[in-house]
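Student: Sharing a structure below in C-alpha cells format, with a few things to ask.
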Amino acid sequence: GGAFPHSRYTRRDRDTKDLDIVLRREGVPRGFAAFARAGYDVDLPFPHWLGKVHRDQQYIDVVFSSGNGIVQVDDGWFEHATPSEVLGMPVALCPVEELLWSSAFVQERERYDGAAVLHLLHSQALVLDWPRLLGRFGDHWAVLLSYLVLFQFSYPDRRGDIPEQVMNQLIDRLRRQRPEPGNRLCLGTLLSREQYLFDV
C-alpha cells in the first residue's frame, strides 16, 4: 500500500518515510509474530485499523482498515492486486480501486490526499473497474462524485476519461437527494477526525 502503488499507477514519484503493508484484520497477529521473530518491535496503537512495526530507522505501517472504519481490507484487495516488485521482492500491490477508495477519505487539515486521488484518476480512469469502484464507495458515493467534479475541473482535456454513464448515474443520485431536516448526523467526521468535532 501507500507510496509504492501510487508511484506505480500514476508514474509520479511519491516520497515516503515508511513502508505500508496491507493485511486482513485476521492476519495481523500472524504478521506481527513474523516481524517479532525477525527482530522488529510491534505495536497496535490503533486497534481498529493500524499497527506499527519498527527497528532502528525502519518504519512499517500494518494497515487493515481505515481510521474512520469504512475501508475494511477484505479478500477483494488480494484478488484484484497487481503483481509487482518492491526492493527486489515480488509483491502484490493494492488494486488501484482500493487505493483510490481509501485515499478519498483522507481530508485532514494537515494531510489531504485529494491530489493523489486525482492523479490516480488521471492515470487510470480509462482502465478502472468502475462498477467495483462504485460498489466500494456504496452509500458514500457522493465522496467519489466530489472527486470526479474536481477531476473535470483540474484536467479539462481529460474530462472524457470518466465514463459518461458513471457521471450520469452519480449526478442522477444527487438530483434525487432530498433535505433531511430530522437527520442532524454530521458525516464530516468520516473525512476528518478533528475538523468536524465542533459539529458533533
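The values are calculated or read from the model by the stated rules, or taken from the named source; none is laboratory data. The model shown is predicted, which means the values in this text are computed figures rather than measured ones. Positions of Cβ are backbone-derived with ideal geometry, glycine not excepted, and every protein chain shown enters the neighbour counts. Side chains included, ligands, DNA and RNA excluded: accessible areas come from the protein's heavy atoms. Shrake-Rupley method; radii C 1.70, N 1.55, O 1.52, S 1.80 Å.
Student: What net charge is computed for the residues neighbouring A36, neighbours being all others with C-beta under 13 Å from the C-beta of A36, Lys and Arg scored +1, Asp and Glu -1?
Tutor: In short, +2.
Student: If amide hydrogens are placed 1.01 Å from N in the peptide plane, which non-local residues have theirs closer than 5 Å to the one on L93?
Tutor: Answer set, sorted by chain and number: T82, S84.
Student: Between Rg and the Kirkwood Rh of the chain, both from Cα atoms, what is the Rg to Rh ratio?
Tutor: 0.98
Student: Let me ask something additional. Provide the packing ranking of 188-198, 21-31, i.e. peptides ordered by the mean count of other C-beta atoms within 10 Å per residue, highest first.
Tutor: Averaged packing, sorted descending, gives the order 21-31, 188-198.
Student: Continuing with the same structure: Rounded to the nearest whole Å², what accessible area per residue is found for the chain with the 1.4 Å probe?
Tutor: Values: 12120 Å² over 200 residues.
Dividing the accessible area of the chain by its residue count gives 61 Å².
Student: May I pose another question? Work out the FRET efficiency for R14 and L187 from their Cβ-Cβ distance, taking R0 = 30 Å, and round it to the nearest 0.05.
Tutor: Once rounded, the FRET efficiency stands at 0.60.
Student: In what sequence, largest accessible area first, do W101, W49 appear using a 1.4 Å probe?
Tutor: W49, W101
Student: What net charge is computed for the residues neighbouring Q107, neighbours being all others with C-beta under 14 Å from the C-beta of Q107, Lys and Arg scored +1, Asp and Glu -1?
Tutor: It works out to a net charge of -1.
Student: Semi-axes of the stretch 42-101's equivalent ellipsoid from the Cα gyration tensor, sqrt of 5 times each eigenvalue, largest first, rounded to whole Å?
Tutor: One finds semi-axes of 21, 19, 8 Å for the stretch 42-101.
Student: Let me check against my output: what whole-number percent is the relative contact order of the chain, with C-alpha pairs under 8 Å and at least 6 apart?
Tutor: 17 percent
Student: Suppose only helical runs count, i.e. DSSP H with n ≥ 4. What mean residue ellipticity at 222 nm does that imply for the chain under -39500 (n - 2.57) per run, divided by all residues and rounded to the nearest 500 deg cm²/dmol?
Tutor: -11000 deg cm²/dmol, from helical runs alone.
Student: For the stretch 1-79, what D do you get in µm² per second when you plug the Kirkwood radius from alpha-carbon pairs into Stokes-Einstein at 37 °C and 0.692 mPa s?
Tutor: 246 µm²/s
Student: On the protein heavy atoms, probe 1.4 angstrom, tell me the percent of accessible surface of the chain carried by carbon and sulfur.
Tutor: Within the chain, the accessible surface is 54 percent carbon and sulfur.
Student: Over the stretch 1-97, what relative contact order in percent results from Cα pairs under 8 Å that are six or more residues apart?
Tutor: Value for the stretch 1-97: 24 percent.
Student: May I ask for the equivalent-ellipsoid semi-axes of the stretch 106-187, computed as the square root of five times each C-alpha gyration tensor eigenvalue and listed largest first in whole Å?
Tutor: Semi-axes from the Cα gyration tensor: 23, 17, 12 Å.
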